[in-house]
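To keep things clear, I will list the structure first and then write my remarks on it.
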Amino acid sequence: MSNGTCVKGGMVVVVGRELSACNALGGSASTLRNPASGCVGAESWAGAARQNPLSGFAGSKSFAAGSFRPQRCAPPAGTETNPAASGSSTPASSIAPPRKSPMPLVGTACTPSEPEGVQVLESELALVARRAWRGLQAADVDAAVDAGMLAAAIKAADGVRRPAFGEAAHAAAADVAAAAAVIQRQGLPPGAAAPVDWNGFGLVIPVLAGSPGAGASVFTALMADALQLAHRNVLLIDPADPPRSGLAIAARSDGPWLTKPHPQVHIRFSWRAHALVARLETALPVIAPGMVPPPRFWLPQGPRPEITVVDLGHDPWRVAAHPLLGAGAWLRRGTPAPLPVLVVRPSRPSLLHAEQVLARLERWVVTGVVSPPVQLVVMGAKRWPAGVAGAAGRRVCALLESAVFVSHDPELAASGVTGAVTPLRLRQAITPLLSRWGLLPHVVRGWHGTKGRP
C-alpha cells in the first residue's frame, strides 16, 4: 500500500506502507489505529509495548524508522485546510493556496503521547502516596514513588505485563506512604523552636558526614567503643536505611528485643560488648525520611544510657535540608545540649561538600531549631595534606583549629565496622576529645568486662 495521510484531531500524519485503514476512527486515509492521535499501527505500537512495558512506544521498530511522522499542526480555526490530503472530491480549483509559513511542530499537541509511559505511572504512584495522609511530606511522596517504580521494574524484569506490574507498583508505593504517615503523626514536634528534653538519652552526640564516604560510621563505632571501655553506659543508634548502613554488622548477633512504631518498621536492640545498638529494620524496599522513627521510640527499656551516639552519616544533604523529622531530629536543640560532630576526609572535595552541608544547615541553626556541629573530625590522616586546609570555606574554617585526626587503618578500611573491637591506636586518637568533654572516667575495662586498659 502506498504512503497515505490521516487528518485527525488537527494533525496531519504520514504513514508507511505497512498500515491499513482507520476510516472508522474519523481519519480519512489509510493508517492503523493509534492510541496517541486516533490512528495507531497495531504492529508497531503493540510491538513497542512488548519490547518496553514501561513505555507506550519506546523501542518501536516502525516508529524509530520514521513510518509514523507528525508533519505539522492544523491551521488556526477559521482558515481552510487542504481537502486533497483527506481524500475529498472537492475540485482542485477551489482549494485555498497553502500557507507560506506553516506552523512548526512545537509542544505536545502535535506529537504522539505516551499513555502508558513512565510519567503517567509516576503520577499514579504520587496520587496513591498522598491518599495515605494529606500532610505527607514531599520527600516521603518521592520515596513512595521510588518504591513503586522499583517494584514495577522487578515485575517487568520477571516478564510480568501491565496491569499486573502496575498493581505491584501501587501496592509498594501505598505501603511506604502508609508507614511514613503513621510514624510521622506519632512524632510531629509541637513547635519548631521548642527545645527537646534529651535527659532520657543522657548526652546526645550526633555524627554527621560532611561528604560521601567520610567515615562517619567508623567514627561512631570508635566513640562508642572508647566510651564503653571507660565504663560508660552507651547507646549506639543507627537510623540508616538497612542495606546502606555502615553499622549493619556492628553487633555480633541480632538481639531479640524489638520496638514496633509500625507493623513494617522495627527498631532492633542488640549488644556490642557492653554498648547497646539500636538499628532500623524494615522489609519495605525504600526508607522514606518520615519512616525513621522519632527519638522517643529509640529509648530502650531498663537502665538509661549516659551517652547516646547517633550515626547520621547516610544522607547529610537531606538531613541538613529538613532536620525536623527523621534522622535529623537528633540535631534538635534541647537539654542537655547535643554535641554534633562533623566528619570529613582529608581532601579538598570533602571540605567543599562539608561547607555546602553546613551552609544548608545554617538556616536551621540561626532560627534556633538545631544545634550546630561543634567538632570537626578528619578520618584517614594524621595531619592536613599540603594545600587541603586552604580549601575550607568560612563555616568549616571555624572548626579547623580544634580538628581531631584519626589515622588510616588498612584492616579496618578493608573490613568495615564489625563486631570486633576497633583498633586501640584509633581510639587513642579521639581520647583527648572525650577527656575535654569530660566523658572519660579514670577506671576503664576490657572488651569483655575485665578492668584494665585494653
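The values are calculated or read from the model by the stated rules, or taken from the named source; none is laboratory data. On a predicted model such as this, the values are computed, not experimentally measured, just so you know. Heads up, the Cβs are rebuilt from the backbone with ideal geometry, glycines too, and the neighbour counts pull from every protein chain shown.
Below, the figures for the structure above:
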item: Those residues of region 290-316 which are hydrophobic (A, V, I, L, M, F, W, C) and either buried (at least 23 other Cβ atoms within 10 Å of the Cβ) or closer than 16 Å to residue 371 by Cα (or both), in sequence order; result: 291, 292, 298, 307, 309, 310, 312
item: Condition met for residue 350 (of a type in the set (S, T, N, Q) and either modelled with pLDDT under 95 or surrounded by 21 or more Cβ atoms within 10 Å (Cβ to Cβ) (or both)); result: yes
item: Output for region 275-294, where each listed residue is assigned to a strand (DSSP E or B) and touching a residue at least 60 places away in the same chain (Cβ under 8 Å); result: 282
item: Test: residue in region 216-235 that is farther than 19 Å from residue 429 by Cβ, touching a Leu at 6+ places or on another chain (Cβ under 7 Å), surrounded by 19 or more Cβ atoms within 10 Å (Cβ to Cβ) and in contact (Cβ under 8 Å) with a residue 24 or more places away in the chain; result: yes
item: Qualifying positions in region 296-308 - of a type outside the set (S, T, N, Q) and either in contact with a Phe, Trp or Tyr (Cβ under 9 Å, 6 or more places away or on another chain) or part of a loop (DSSP other than H, G, I, E, B) (or both); result: 298, 299, 300, 302, 303, 304, 305, 306, 307
item: Filtered residues of region 413-430 (kept if touching a Phe, Trp or Tyr at 6+ places or on another chain (Cβ under 7 Å) and assigned to a helix (DSSP H, G or I)); result: 429
item: Matching entry among 178, 152 (being part of a helix (DSSP H, G or I), closer than 23 Å to residue 244 by Cβ and modelled with pLDDT of 90 or more); result: 178
item: Test for residue 196: is it among the β-branched types (Val, Ile, Thr) and touching a His at 6+ places or on another chain (Cβ under 8 Å); result: no
item: Complete set of residues in region 398-416 that are loosely packed, with under 13 Cβ neighbours inside 10 Å and within 31 Å of the chain's Cα centre (by Cα); result: 410, 411, 413, 414, 415
item: Residue 186 part of a helix (DSSP H, G or I) and either at pLDDT below 50 or over 21 Å from the mean Cα position of the chain (by Cα) (or both); result: yes
item: Test: residue in region 378-393 that is more than 25 Å from the chain's Cα centre (by Cα) and closer than 30 Å to residue 197 by Cβ; result: no
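Yes/no per residue for (1) assigned by TED's automatic domain parsing to the domain that holds residue 151; (2) small (Gly, Ala, Ser); (3) buried (at least 19 other Cβ atoms within 10 Å of the Cβ); (4) farther than 22 Å from residue 420 by Cα:
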residue	(1), (2), (3), (4)
244	no, no, no, no
250	no, yes, yes, no
257	no, no, no, no
268	no, no, no, no
276	no, no, yes, no
